[in-house]
Amino acid sequence: MRVALRLLLAGLGASAVMIAVSIFLTGAAPTASLAEHMFDVLSGWRGPDTPSWPPTMDNELRFYAVLWGAYGLLLLDTARNLAVHSGRVPWLAAIFFLGGVGRALSCLAVGAPHPAFVTLMAIEFALPPVLGLLWVRAYRAAV
């Protein structure tokens, strides 16, 4: 259980850091376009591209990219030192879940985004319970 938990935490952490670096250095629109293109190629989805993003949104998301990157580094540190930092797992899972809630609120308020981002929302709802279950099982095994 610990190995699976560590792998999921590390995978999520590495993804968060890579996405954060991409947004910070290239901008939100190019990073989102890459995600959309990858989704389109993998799924065969044929739909409209996301329209261009206003400068204010790019500015705001580059700011938040630093926080997303810090979250990723915290995940990586937790995965590397799980025995020491296992108490972080429920909090990190809850934060990730709340990100999905934020996406759901956005869907309700302004409409559905590109399916790539709906898929990300599904992951943000599905992964935290898996992390929690693995954490509980790893913790019980240690006791």
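For the reader, a short list of remarks on this structure follows.
- Taken as a whole, the range 58-74 holds at least one residue that is in contact (Cβ under 8 Å) with a residue 24 or more places away in the chain, touching a His at 6+ places or on another chain (Cβ under 9 Å) and not hydroxyl-bearing (Ser, Thr, Tyr).
- Matching residues, the range 104-132, being surrounded by 18 or more Cβ atoms within 10 Å (Cβ to Cβ) and in contact with a Leu (Cβ under 9 Å, 6 or more places away or on another chain): Glu124, Pro128, Leu131
- Counted residues, the range 41-68 - those being at pLDDT below 95 and basic (Lys, Arg): 1
- When the range 78-130 is filtered for residues that are of a type in the set (S, T, N, Q), within 29 Å of Ser33 (Cβ to Cβ) and over 14 Å from the mean Cα position of the chain (by Cα), only Ser106 remains.
- Matching residues in the range 12-61 - criterion: being within 19 Å of Val118 (Cα to Cα), among the polar types (S, T, N, Q) and in a helix (DSSP H, G or I): Ser15, Thr31, Ser33, Ser43
- Here Trp135 passes the criteria (1) surrounded by 12 or more Cβ atoms within 10 Å (Cβ to Cβ); (2) modelled with pLDDT under 95 except the one numbered (2).
- Of everything in the range 9-27 that is of a type outside the set (Gly, Ala, Ser) and more than 18 Å from Phe97 (Cβ to Cβ), the residue that is surrounded by the fewest Cβ atoms within 10 Å (Cβ to Cβ) is Leu25.
- Only one of the listed residues (Ala93, Ala79) is surrounded by 12 or more Cβ atoms within 10 Å (Cβ to Cβ) and either touching a Pro at 6+ places or on another chain (Cβ under 6 Å) or at pLDDT below 95 (or both). That residue is Ala93.
- Verdict on Trp45 being farther than 22 Å from Leu133 by Cβ, hydrophobic (A, V, I, L, M, F, W, C) and surrounded by 14 or more Cβ atoms within 10 Å (Cβ to Cβ): no
- Only one entry of Met38, Met1 meets the criterion of being under 26 Å from Pro129 (Cβ atoms), modelled with pLDDT under 95 and surrounded by fewer than 18 Cβ atoms within 10 Å (Cβ to Cβ), and that entry is Met1.
- With respect to (1) loosely packed, with under 12 Cβ neighbours inside 10 Å; (2) farther than 24 Å from Leu9 by Cβ, the lone exception for Arg140 is condition (2).
The values are calculated or read from the model by the stated rules, or taken from the named source; none is laboratory data. None of the values given here were measured: they were computed from a predicted structure. Note: ideal-geometry Cβ built from the backbone for every residue, glycine included; neighbour counts use all protein chains shown.
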